Amino acid sequence: MRTLIAIVGLLMAQPVEPARALVTLGFLDTPNAAEDVEVVGGLAYVADGHFGLRVVDVSDPAAPVLLGALNTPGYAWDVEVVGGLAYVADSGSLRVIDVSNSAAPVELGTLSTPGSAQDVELVGGLAYLADYSAGLRVIDVSNSAAPVELGALDTPGSAQDVEVVGGLAYVADHGSGLRVIDISNSAAPVELGAIDTPDDAWGVAVVGGLAYVADDNSGLRVIDVSNSAAPVELGAIDTLGWARDVEVVSGLAYVADGYFGLQVIDISNSAAPVELGALNTANRAWDVEVVGGLAYVADATAGLRVIDVSNPAAPVQLGDLDLPDDAQDVEVVGGLAYVAARNAGLRVIDISDSAAPVELGALGLPDGVQDVEVAGGLAYVPNGSNGLRVIDVSNSAAPVELGAIATPSYAREVELVGGLAYVAATTSGLRVIDVSNPAAPVELGNLDTPGSAQDVEVVSGLAYVADDSSGLRVIDVSNPAAPVELGSLDTPGAALGVKVVSGLAYVADTDSLRVIDVSNPAAPVELGALDDPRTGETRDVEIVDGLAYVAASDAGVWVIDVSNPAAPVELGDLARDGVNDVEVVDGLVYAVGFGLQVIDFGPEYGQAPVSVPALSLYSQLALVASMMVVGMWMWRRAGRT
């Protein structure tokens, strides 16, 4: 009933915002319900319910090909492959199948079990079988033709999954949580300890003294099993549907979620797992295996899915280009990157080939080039003590200065809106300049700020200024000749960069990112923050699809999930000294510091929220009725008797 209520709630909730998407590379439908998958040497072995074992060539992930199959008499729930043999948990029995000839699997031997065999694990010539209502069975399979049971231990619930590590068997026991069993004496297994879980334990993976339990409606549970007699839960994360299986690789947990497909969870902090990405598969994901950056999902009646799960914590640099001096800022427009290179002026770079950027042209300027903004074939460059420069870049190979205007102090950043340039001019605050005539810019108005204006963002008649020692200033610029400060919020560090999206201001504040609610401009309120423990300054921030890309000086580019403004979460970084500014265009990150870097942070970073249209009451009732039927079918199926 809890599952049904959760499904109905999810269907009727508006809008829906899925996690960032993973990518399906290929799939192969199977005749029945794919329950489990094992991948060995370019082959995927699928336990396919009433149709037994399927052997699939996945050497080309985009086009899996069925090589061979063997129907089993029961219901194939699980498969384990070792040394050319496949061991299949086939409801009331264990089947040993020779798969050395992929096109023609042959059964060698079998052993009936008292329960309904759900999962099998092979270690050192022994098969450990989760036998549902009959608990854990230990079976000698050294003679493939004649498996022999050595010992057994019934469990309080229904043994669903088993993992064997260092003389201990960890059993996901439907109805009674996680059981830790000493199997050093195969003839007499002994339970050492146990911990109940909030719902029904379906799957378990054990890595480094921690057990990760897929616990149906209560998601993923992280349990410390270093003391076998007294397991302790450290942390948990709910999943969208029914957590059925879990695979742990390199600090990530891949959860097969029976309702919402594959979810990838960062478990580097055991106390606070964080979802990184997800992919809703065609049917019901029951099992997952991860090999070489690919996830192979047994997706019930939709068969086998092959999914690219490139590690979100390992960004890939595609190309770079050194420049004559320290690059301070970058603007990307139409396949070109315009770089402000401090004492080397404005550089125009062709980035159509991300792996090999090429400089097309440049214009030397006096000292202090800090920023660049490009609009309508013109580049607007704050030029330090030389004020604002307006440059014609319509000919990329030969940029030409058209006009300039001095500012009372060091011009650091510029924002272009409707023929006006808003300049953050350090100790003289905000300057508003009319650039409608590029050859003769004219200052219309200004407002000094208490500290040193470092950056400016203009949204809907308001200018948001990152003001070094005095934090965030919110200024009404609806009358350009007379800017008026409406409100402010001091920040703990030095405010160096600001970006405003949907009523929130994201401030790069020395060694942290601050998220500030500016929906009431007169009274900004900080909602959340994330400190960067590494050295260097957070100098600039770009927001795309719920992610903040932060130029973190000596720490490189820092990627932060800000979908929950109250609790920003770091997803990954690419460390390289001297990153001053960052721009994100079409899924690529352009970072400048000691040159230009083009960075691909992977497809798992790039999906915007999707709104689902509201349903009529009639449609909602029809959906609820349909899901009640599905819910009853799933409830009966979950009995597995």
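The values are calculated or read from the model by the stated rules, or taken from the named source; none is laboratory data. All figures in this text were calculated on a predicted structure; none of them were measured in a lab. Virtual Cβ from ideal backbone geometry, glycine too; neighbours counted across all protein chains shown.
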> Before we move on, is residue 310 under 18 Å from the mean Cα position of the chain (by Cα), surrounded by fewer than 22 Cβ atoms within 10 Å (Cβ to Cβ) and modelled with pLDDT under 80?
Replying inline: yes
> Pairs, please: C-beta under 6 Å, at least 6 apart or cross-chain, first residue free of Cβ contacts under 8 Å to residues at least 60 places away in the same chain and of a type outside the set (S, T, N, Q) and in the range 489-505, second outside any loop (DSSP other than H, G, I, E, B) and surrounded by fewer than 21 Cβ atoms within 10 Å (Cβ to Cβ)?
Replying inline: 493/510; 494/510; 499/543; 500/459; 501/543
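From the list 332, 274, 339, 290, which one is assigned by TED's automatic domain parsing to the domain that holds residue 581, surrounded by fewer than 24 Cβ atoms within 10 Å (Cβ to Cβ), in contact (Cβ under 8 Å) with a residue 24 or more places away in the chain and in contact with an Asp or Glu (Cβ under 8 Å, 6 or more places away or on another chain)? Lay out the reasoning, then the answer.
Numbers: 274 fails: assigned by TED's automatic domain parsing to the domain that holds residue 581; 339 fails: surrounded by fewer than 24 Cβ atoms within 10 Å (Cβ to Cβ); 290 fails: assigned by TED's automatic domain parsing to the domain that holds residue 581.
Going through 332, 274, 339, 290 in turn, just one is assigned by TED's automatic domain parsing to the domain that holds residue 581, surrounded by fewer than 24 Cβ atoms within 10 Å (Cβ to Cβ), in contact (Cβ under 8 Å) with a residue 24 or more places away in the chain and in contact with an Asp or Glu (Cβ under 8 Å, 6 or more places away or on another chain): 332.
Looking at 473, 431, can you tell me which residue is modelled with pLDDT of 95 or more, under 39 Å from the mean Cα position of the chain (by Cα) and buried (at least 22 other Cβ atoms within 10 Å of the Cβ)? If you could, list the steps in order and put the result at the bottom.
Numbers: 431 fails: under 39 Å from the mean Cα position of the chain (by Cα).
Checking each option against the conditions leaves just 473.
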> Restricting attention to the range 507-518, does a residue exist that is surrounded by fewer than 19 Cβ atoms within 10 Å (Cβ to Cβ), touching a strand residue (DSSP E or B) at 6+ places or on another chain (Cβ under 9 Å) and either touching a residue at least 60 places away in the same chain (Cβ under 8 Å) or part of a loop (DSSP other than H, G, I, E, B) (or both)?
Replying inline: no
> Does residue 87 satisfy being modelled with pLDDT of 95 or more, surrounded by 18 or more Cβ atoms within 10 Å (Cβ to Cβ), of a type in the set (Ser, Thr, Tyr) and out of contact with any Phe, Trp or Tyr (no Cβ under 8 Å at 6 or more places or on another chain)?
Replying inline: yes
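Taking only the range 210-232 into account, find how many residues are in a loop (DSSP other than H, G, I, E, B) and either in contact (Cβ under 8 Å) with a residue 24 or more places away in the chain or buried (at least 24 other Cβ atoms within 10 Å of the Cβ) (or both). Working first, answer last.
Going residue by residue through the range 210-232, those that are in a loop (DSSP other than H, G, I, E, B) are 215, 217-219, 225-231.
In the following step, the residues that additionally are either in contact (Cβ under 8 Å) with a residue 24 or more places away in the chain or buried (at least 24 other Cβ atoms within 10 Å of the Cβ) (or both) were identified as 215, 217-219, 225, 227-231.
Matching residues across the range 210-232 total 10.
Residues that are farther than 23 Å from residue 453 by Cα, at least 3 per element: which strands (runs of 3 or more DSSP E) completely within the range 337-411 meet that?
Numbers: elements: 346-350, 358-363, 373-375, 378-382, 388-392, 400-405.
Ranges flagged: 346-350, 358-363, 400-405.
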> Which number in (1) surrounded by 18 or more Cβ atoms within 10 Å (Cβ to Cβ); (2) under 28 Å from residue 327 (Cβ atoms) marks the one condition that residue 526 misses?
Replying inline: (2)
> Can you tell me which residues in the range 385-409 are surrounded by fewer than 21 Cβ atoms within 10 Å (Cβ to Cβ) and either farther than 23 Å from residue 336 by Cβ or not assigned by TED's automatic domain parsing to the domain that holds residue 458 (or both)?
Replying inline: 385, 386, 405, 406, 408, 409
>> Restricting to the range 418-454, name every residue that is more than 15 Å from residue 488 (Cβ to Cβ) and among the acidic types (Asp, Glu).
In response: 434, 443
>> Here are the criteria: (1) more than 39 Å from the chain's Cα centre (by Cα); (2) of a type in the set (Asp, Glu); (3) crowded, with 21+ Cβ neighbours inside 10 Å. Tell me which single one residue 107 does not satisfy.
In response: (3)
> So is residue 235 small (Gly, Ala, Ser), outside any strand (DSSP E or B) and touching a strand residue (DSSP E or B) at 6+ places or on another chain (Cβ under 6 Å) or not?
Replying inline: no
